[in-house]
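Heads up: the structure comes next, in structure tokens.
All of the numbers you see were taken from the coordinates with simple rules; none came from a lab. These figures come from a predicted structure and were not determined experimentally. All Cβ positions, glycine included, derive from the backbone under ideal geometry; neighbour counts span all protein chains shown.
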Amino acid sequence: MKQYTISRVVTALLCAATAALITGCGTDGSGSDANSTVPTAKTKHPFDTMTPEQINGQVREAVKELTSMRLTGKASSDGRQVGVDLAIDVRGSCNGTVSNALGPIHIIKRGSLVHVKAREDYWRATFSRGMTAEQTETMVDQFRGRWIKPPRLMSETLGALCNDFETLLELLSPGSSGNATRGADATVGGQPTAVLTERTTTDTTTVYIAKEGKPYLLRATLVGGTDPMDLTFSDHNKPVDTTPPPADQILDPTTLR
């Protein structure tokens with residue numbers, strides 16, 4: 001499917017970013033739910049005289065002006081599901097969570113400075129590889145409830161998730177396959193949207209495009225097939241809060257002996 005290929009790429013980015021902490025990406029039971037959509041009464045709008053391809057062109061132009069956004073929801077690939085609630089900007093800064101079966105990892109990144117916080121299960125799964133049970137629990141005790149300032153390699157791995165804003169922009173710039181159809185308008189998070197749908201023999205992709213303000217993509221879903229997703233896009237051009245955690249809540253693992 002040419003028009004919207006967000007699912008596989010987003011999942012790949014999230015799995016890669018968490019690879020330093022977990023063994024693969026498992027089924028997620030706690031990812032953030034995307035905003036529900038409610039049909040809305042159709043009123044006259046410039047989109048009403050446009051083809052789906054022309055509406056897509058409006059989206060492509062609007063995306064060029066984006067400097068930040070928030071990505072929320074779930075995406076999966078090859079049976080692996082990842083939840084995400086992450087604000088990210090063009091400078092590579094970010095603040096939010098990435099989740100799998102072990103729970104969320106909270107990451108705050110500003111420049112090259114990265115801080116992460118995770119639940120005990122994450123740390124236990126991480127340290128159990130190569131450590132005895134006793135050593136693992138000792139490490140978990142030290143990491144419990146703390147923000148971690150990861151070593152350089154881990155910081156680079158996790159930080160890579162926040163360095164792909166340009167890639168996300170490309171994904172939010174739909175190509176023109178010529179197969180999309182327009183359905184009934186709906187609302188996403190209270191905002192009226194135009195709804196475009198594209199179907200193949202195995203799956204259905206539906207996108208919701210803002211009708212007020214800039215025509216940004218507000219939601220994308222993929223049902224059927226092997227890689228379902230439900231992602232919401234919000235906080236367009238809103239500054240990302242990258243305030244570091246309080247110093248007394250931060251643990252530098254390189255100081256542990």
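Which FRET efficiency value, to the nearest 0.05, do you get for Met50 and Ala160 by plugging their Cβ-Cβ distance into 1/(1 + (r/R0)^6) with R0 = 45 Å?
Numbers: r = 37 Å, r/R0 = 0.83.
Efficiency computed from Cβ-Cβ geometry: 0.75.
Treat the stretch 187-257 as a sphere of radius equal to its Kirkwood radius over Cα pairs and apply Stokes-Einstein at 37 °C in a medium of 0.692 mPa s; give the translational diffusion coefficient in µm²/s, rounded to a whole number. Intermediate values should be presented prior to the final figure.
Numbers: Rh = 15.5 Å.
Roughly 211 µm²/s, to the nearest whole number.
List the residues, sorted by chain then number, that are 5 or more residues from Met69 or on another chain and whose placed amide H is less than 5 Å from its amide H.
Ile88, Asn237
Could you give each residue of the stretch 57-63 its phi-based ³J(HN,Hα) in whole Hz, using Karplus coefficients 6.51, -1.76, 1.60 with θ = phi - 60°, and x for Gly or Pro?
Each residue's phi maps through the Karplus curve to give x, 5, 5, 4, 5, 5, 4 Hz.
Arg152 to Asp121: extension gain in nm, 0.36 nm per residue of separation minus the Cα-Cα distance?
Values: separation 31, 0.36 × 31 = 11.16 nm, distance 2.27 nm.
Stretched out fully, the Arg152 to Asp121 stretch lengthens by 8.9 nm.
Filter the cross-link list Lys44/Lys74; Lys109/Lys211; Lys74/Lys211; Lys109/Lys214; Lys64/Lys117 down to pairs whose alpha-carbon distance in this structure exceeds 26 Å.
Working: Lys44/Lys74 33 Å; Lys109/Lys211 32 Å; Lys74/Lys211 24 Å; Lys109/Lys214 28 Å; Lys64/Lys117 33 Å.
From the list (Lys44/Lys74; Lys109/Lys211; Lys74/Lys211; Lys109/Lys214; Lys64/Lys117), the Cα-Cα distance tops 26 Å for Lys44/Lys74; Lys109/Lys211; Lys109/Lys214; Lys64/Lys117.
How large is log10 of I(q)/I(0) for the stretch 114-227 at q = 0.09, 0.13, 0.18, 0.19 Å⁻¹ when the intensity is taken from the Debye formula with one equal scatterer per alpha-carbon?
-0.49, -0.76, -0.92, -0.97
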